[in-house]
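No lab work stands behind these numbers, since they all come straight from the coordinates. Since the structure is predicted, the reported quantities are computational estimates derived from the model, not experimental observations. Counting neighbours? That spans all protein chains shown, and the Cβs are built from the backbone with ideal geometry, glycine included.
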Amino acid sequence: MKKLNLLFVALVGALTFGLSSCTDECKDVVCENAGTCVEGVCECTTGYEGELCATEMRAKFLGTYNTTIGVACDSTGSGNITDYAVSISNSSAAVTKILINIGSVIVADVNEDGSTFTIASQLVDGYTYTGTGSVTGANLSFTINEYDASYPETCIYTATGTKQ
């Protein structure tokens with residue numbers, strides 16, 4: 001009888017433990033922007049971040065930056081441009097795209113790490129642009145290559161700046 005009681009207690013304990021470990025960890029978690037809850041944590045869709053996927057990754061890039069730009073050109077020489085305003089805004093093309101206005105407006109893709117961007121080769125106003133950049137807090141840095149096929153010449157713009 002004693003063995004039967006111990007077996008019964010062990011069985012009830014196992015069932016109780018099993019039932020209590022089957023709670024839905026995602027029951028009260030609402031992930032935004034098509035994020036998916038997995039074991040109580042939101043997995044965000046591309047372009048979103050945060051505990052509930054409520055923040056666009058590109059939001060940290062937006063604004064106007066007071067920059068200093070180093071210019072190095074194949075033929076026309078080198079120099080610096082100081083106190084130059086570079087603005088970054090949302091692109092309507094996708095939640096992962098931003099528009100960088102450096103006099104010409106260039107489209108960039110925010111990378112999955114959420115703090116860097118890539119400028120794929122694109123023709124804007126007769127110039128071909130490529131490049132990369134990043135934002136850390138209020139600080140922007142980028143390198144943009146500009147190729148002028150009519151001249152032909154390549155200029156490399158290296159900038160650092162702070163959000164205004």
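Observations on the structure shown:
- When the Cα positions of 129, 149, 44 are compared along the charge dipole of the chain, 44 comes out farthest toward the positive end, with charges on each C-beta of Lys, Arg, Asp and Glu.
- Note on 42, 37: ascending count of other Cβ atoms within 10 Å places them as 37, 42, the fewest first.
- Think of it as helices only: each DSSP H run of n ≥ 4 in the chain is worth -39500 (n - 2.57), and spread over all residues that comes to -4000 deg cm²/dmol at 222 nm.
- Taking the Cα centre of the stretch 49-164 as reference, the dipole from Cβ charges on Lys and Arg (+1) and Asp and Glu (-1) amounts to some 240 debye.
- Positive-pole candidate from 35, 91, 63, dipole of the chain, charges at beta carbon: 35
- Here the simple spin-label model places points 7 Å from the Cα toward Cβ, and for residue 87 and residue 143 these points are separated by 2.9 nm.
- Put in line by how crowded their Cβ is, counting other Cβ atoms within 10 Å and starting with the fewest, 88, 119, 81 read 81, 119, 88.
- Relative exposure of 140, 99, judged by other C-beta atoms within 10 Å (fewest first): 99, 140
- The simple Förster model, with R0 at 35 Å and r as the Cβ-Cβ distance, assigns residue 151 and residue 46 a FRET efficiency of 0.40.
- Based on C-alpha pairs under 8 angstrom that are at least 6 apart in sequence, the stretch 33-79 has a relative contact order of 20 percent.
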